[in-house]
1. Spin-label point model (7 Å from Cα, Cβ direction): what's the Ile68 to Lys163 distance in nm?
2. What residue among Asn216, Asn84, Asn229 has the largest mean-square fluctuation in a Gaussian network model of the chain, using Cα springs under 10 Å?
3. Could you give each residue of the stretch 194-201 its phi-based ³J(HN,Hα) in whole Hz, using Karplus coefficients 6.51, -1.76, 1.60 with θ = phi - 60°, and x for Gly or Pro?
4. As an exercise, identify the GluC sites (Glu not before Pro) in the stretch 28-121 lying in DSSP coil whose Cβ has no more than 12 other Cβ atoms within 10 Å.
5. Can you check how the C-alpha radius of gyration of the chain compares to 2.2 N^0.38 Å, as a plain ratio?
6. To the nearest 500 deg cm²/dmol, what mean residue ellipticity at 222 nm is calculated for the chain from DSSP H runs of n ≥ 4 alone, each contributing -39,500 (n - 2.57), summed and divided by the residues?
7. What distance in nm separates the simple spin-label points at Glu109 and Asp230, each placed 7 Å from Cα in the Cβ direction?
8. Say the dipole of the stretch 4-238 comes from +1 at the beta carbon of Lys and Arg and -1 at that of Asp and Glu; which of Leu223, Val196, Ser103 then lies farthest toward its positive end?
Amino acid sequence: MKRDPKRILIKFSGEALAGDDGFGINTKILKFLADEIKSVIKEGFEVAIVIGGGNFIRGVSAAKDGIIKRTSGDYMGMLATVINAVAMQEALENDGVGVRVQSAIKMEEIAENFIVRRAIRHLEKGRVVIFAAGTGNPFFTTDTAGVLRASEIGASAIIKATKVDGIYDKDPAKYEDAKLLKEISYEDALKDNIKVMDDTAIALARENKLPIIVCNMFKKGNLLKILKNDPDAKYSIVK
């Protein structure tokens, strides 16, 4: 599919919504993220979102002692992403932004079924589309779901929102001389085991030539600066 330069997909973790609480949803963070996304929409960008579910449950963790099967744990994690998607929808609508949630698992009372053509139409009308329930399949992370959906809708890039400015040559929390890497190849990200996304997601992005922008979305105005090619914007790009 032809890529739309004004269309992006933002991927952030469920843990990000919990903030310092460590669990659940912090409404102040919801409000901050909604404001940031609204500022991007006002500049004419089309925004899709994928949110993880780790603030409630992670499939791998739930299945670690063998009581819960991995497949069941992953489905539980998918349901957690729906909770986060509905919360994000409420925050955006409270900010006056049109939103639709599309789920990879049918739950018509809560969300639309995922249909790529319908999602693109919503984006073209200026609505944010939140893709919930991952890929709808166990054993795949929401990182992979983000890359998949971004590729399907023809996004120009996937934004991996983190709490750091991008990818560093060493841990910036431990080393004062850590340097921000402006650009890194898919091959190096895979070879060096850079923990930007899981290997499946990075490989899928490489296959579809989808750039991965890693940035601190929790720095006010940073996302818009990146999208407008502001020289002061801080981020790393995997391509």
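Nothing in this text is a laboratory measurement; each read-out follows from the coordinates by a stated rule. Note that the structure is a prediction, hence the values are computed from the model and not measured. When we count neighbours, we look across all protein chains shown, and the Cβ atoms used for this are built from the backbone with ideal geometry, even at glycine.
1. The answer from the label model is 2.3 nm.
2. Comparing Asn216, Asn84, Asn229 in the GNM, the peak value goes to Asn229.
3. With the stated coefficients, the stretch 194-201 comes to 5, 7, 7, 9, 6, 4, 4, 5 Hz.
4. Sparse-neighbourhood loop GluC sites (Glu not before Pro): Glu43, Glu108, Glu109.
5. Working: Rg = 16.9 Å, N = 239, 2.2 N^0.38 = 17.6 Å.
Dividing the Cα radius of gyration by 2.2 N^0.38 Å gives 0.96.
6. It lands at -11500 deg cm²/dmol.
7. Computed distance between label sites Glu109 and Asp230 equals 4.4 nm.
8. In the stretch 4-238, that residue is Ser103.
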